[in-house]
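Encoded as structure tokens, the structure appears first; notes follow it.
The values are calculated or read from the model by the stated rules, or taken from the named source; none is laboratory data. Since the structure is predicted, the reported quantities are computational estimates derived from the model, not experimental observations. Positions of Cβ are generated from backbone atoms using ideal geometry, with glycine treated the same way; all protein chains shown enter the neighbour counts.
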Amino acid sequence: MVIVLGLLVLLSVVVGALMTTGTTAARLRINTWNQDEARLAAEAGAQRIVYEARRVMTGNDPGDQPPYGGSRDDATLQTVLAGPLESIPSHDGLNAGVPLGHGQSYTVPAYGQPGGMQVTGVQQDSADGDLVDVTVTFASTGNYNQTSVTLNVTVVLQANRWLLPSDTVMLKSLRYQ
């Protein structure tokens, strides 16, 4: 009788350990899934900013018109582009959260908020000054099933400053941290 009770206790411990291991593995899979979905949502926010920034840059062509004046002054180009680019999250409602369906959403904070969009520099890429790099930084937060992932994003767009209305804005680099 003692041996049977001992075996019963031993089997109970083994079954309990197997159940705990199975439950823990399932929770890990669910958490990994949730984090992956939240990261994909955050990446969708980053891609949306790339799209909107290209649209805004081609729509705000400085050309040879005032205030640009054909001076090839990078600070002036930054002045022309910074305001419209930085206003994308609030103008397009990205700072309020964008639902993607199936519980996914992304949020990009507005300018002036922590992680908000900033145009950090306009740099010439060549000696003659035709090609210009425009660097934009922001945070994109993806949400899924009460899981949140925030990516700090740096986008470098390259444009021929004299051909902006011809939709020549190209993505030079996109980095997540």
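Tabulated values for the structure
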read-out	value
Top-ranked residue of the range 131-150 - restricted to ones that are touching a residue at least 24 places away in the same chain (Cβ under 8 Å) and among the polar types (S, T, N, Q), ranked as surrounded by the fewest Cβ atoms within 10 Å (Cβ to Cβ)	Q146
Lone unmet requirement of (1) modelled with pLDDT under 70; (2) of a type in the set (A, V, I, L, M); (3) surrounded by 15 or more Cβ atoms within 10 Å (Cβ to Cβ) for M57	(1)
A42 within 22 Å of V149 (Cβ to Cβ), out of contact with any helix residue (DSSP H, G or I) (no Cβ under 9 Å at 6 or more places or on another chain), among the hydrophobic types (A, V, I, L, M, F, W, C) and modelled with pLDDT of 85 or more	yes
Residue pairs meeting the criteria (Cβ under 7 Å; at least 6 apart or on separate chains; first under 16 Å from G121 (Cα atoms) and at pLDDT 75 or above, in the range 155-174; second small (G, A, S) and loosely packed, with under 15 Cβ neighbours inside 10 Å)	V156/S173
Test: residue in the range 11-34 that is modelled with pLDDT of 90 or more, surrounded by 15 or more Cβ atoms within 10 Å (Cβ to Cβ), in contact with a strand residue (DSSP E or B) (Cβ under 6 Å, 6 or more places away or on another chain) and assigned to a helix (DSSP H, G or I)	yes
